[in-house]
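Trainee: Can you read through this structure? Questions will come right after.
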């Protein structure tokens with residue numbers, strides 16, 4: 001019994017020891033497991049800490065990189081701003097320089113204009129003084145020329161009258177003789193008596209006629225016949241109602257007779273501006289006509305008209321004047337006729353027609369036919 005108890009006690013002791021060993025084993029295993037878990041947790045925490053640190057480091061690096069980028073951009077922006085400011089200041093400086101240069105140029109221009117105006121005033125004053133001196137000199141010379149012309153005119157007038165009477169008598173006595181100048185050959189132009197130069201009979205009885213432009217009439221206006229002589233080198237055409245008589249220096253056409261009281265004539269001549277300059281330097285036909293009136297008749301108060309021919313040319317003529325044409329008709333005296341001159345200006349030349357009629361009712365038809373003769377002469381000239 002004692003042995004059994006002892007055996008039970010031993011068994012119990014063993015069992016207890018086994019249990020204790022088993023519990024200790026379990027405890028150690030539990031501790032090992034917990035240790036392993038703890039170590040794993042520690043490793044996880046350490047890894048997490050490491051990753052966290054790495055993230056923090058990356059964040060710090062990125063932050064630093066971003067900071068550097070922002071700083072660089074800020075610096076670049078600041079540099080651009082400084083450059084823009086410098087450029088703006090440079091542009092402003094240049095603009096200011098341009099403004100000052102423009103002001104300087106304007107000021108210089110104003111000063112130059114002022115000096116120019118002052119010079120102009122001085123030059124004008126000087127020119128005015130010189131012109132006054134020249135005007136005084138021209139006035140003195142004009143007075144001398146006027147005195148010389150007046151003396152020459154008086155002498156020439158007397159010589160012209162005598163020469164004209166002689167020429168007319170020779171013309172009348174030579175009527176019917178054909179001129180020996182062939183068509184196409186230029187005859188001499190109208191001579192003018194200035195300073196002793198001979199004047200033909202035409203100028204002795206010259207006066208300007210007003211061209212009325214009426215058709216028909218006793219003379220007719222169809223210029224079908226060509227004169228034997230020429231004027232200014234061009235053919236003269238006239239109506240068949242006229243008879244061409246001998247004349248020196250132009251074309252002399254006559255109609256009717258003194259006995260019937262219808263004697264009329266047209267004398268066509270040519271003159272150049274140089275010829276006219278013997279009497280006046282003017283080129284105005286009105287002035288030329290008045291000078292011719294004054295020179296021949298001692299008057300220049302007749303009205304001068306400008307009329308237009310059928311072909312559109314302007315002719316100049318004045319009122320009729322009653323004049324003694326006895327010398328032309330080879331009568332002693334008392335043969336009065338309405339006389340006038342008609343002028344067709346050309347370039348540097350003039351067609352001049354002196355015409356007269358004893359019959360008052362023939363005045364307008366004679367004007368018409370005279371204008372037609374001049375017009376047709378000019379037409380023949382243009383057609384050459």
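Just so it is clear, none of the values below were taken in a lab; they were calculated from the coordinates. Bear in mind that the values here come from a model prediction, so they are computed numbers and not experimental data. Here the Cβ is made from the backbone with ideal geometry for all residues, glycine too, and neighbour counts use every protein chain on show.
Trainee: In which sequence would 317, 223 go, from the one with the fewest C-beta neighbours within 10 Å to the one with the most?
Mentor: Working: 317 29, 223 22.
With the fewest neighbours first, 317, 223 line up as 223, 317.
Trainee: Next question. Quick check: convex hull over the Cα atoms of the range 37-122, volume per residue in Å³, rounded to an integer? Mind dumping the intermediate values first?
Mentor: Values: hull volume 2.9 nm³, N = 86.
Hull volume normalised by residue count: 33 Å³.
Trainee: How much length is gained on full extension from residue 137 to residue 92, taking 0.36 nm per residue of separation minus their Cα-Cα distance? Walk me through the intermediate numbers first.
Mentor: Working: separation 45, 0.36 × 45 = 16.20 nm, distance 6.47 nm.
Taking residue 137 through residue 92 to full extension adds about 9.7 nm, to one decimal.
Trainee: If each residue's Cβ is checked for other Cβ atoms within 10 Å, how do 10, 366 rank with the fewest at the top? The partial results should precede the final answer.
Mentor: Numbers: 10 10, 366 26.
The fewest-first ordering by Cβ neighbours comes to 10, 366.
Trainee: Let me ask something additional. Taking neighbour counts of Cβ atoms within 10 Å as a proxy for exposure, in what order, fewest first, do 232, 225 appear?
Mentor: Neighbour counts put them in this order, fewest first: 225, 232.
Trainee: Between residue 129 and residue 151, what is the label-point separation in nm under the 7 Å Cα-to-beta-carbon projection?
Mentor: Computed distance between label sites residue 151 and residue 129 equals 3.6 nm.
Trainee: With the crude spin-label approximation of a point 7 Å out along Cα→Cβ, what separation in nm comes out for residue 63 versus residue 46?
Mentor: Calculated label separation equals 2.7 nm.
Trainee: What FRET efficiency would be calculated for the residue pair residue 85, residue 109, taking the C-beta separation as r and a Förster radius of 35 Å, to the nearest 0.05?
Mentor: Working: r = 35 Å, r/R0 = 1.01.
With a Förster radius of 35 Å, E is 0.50.
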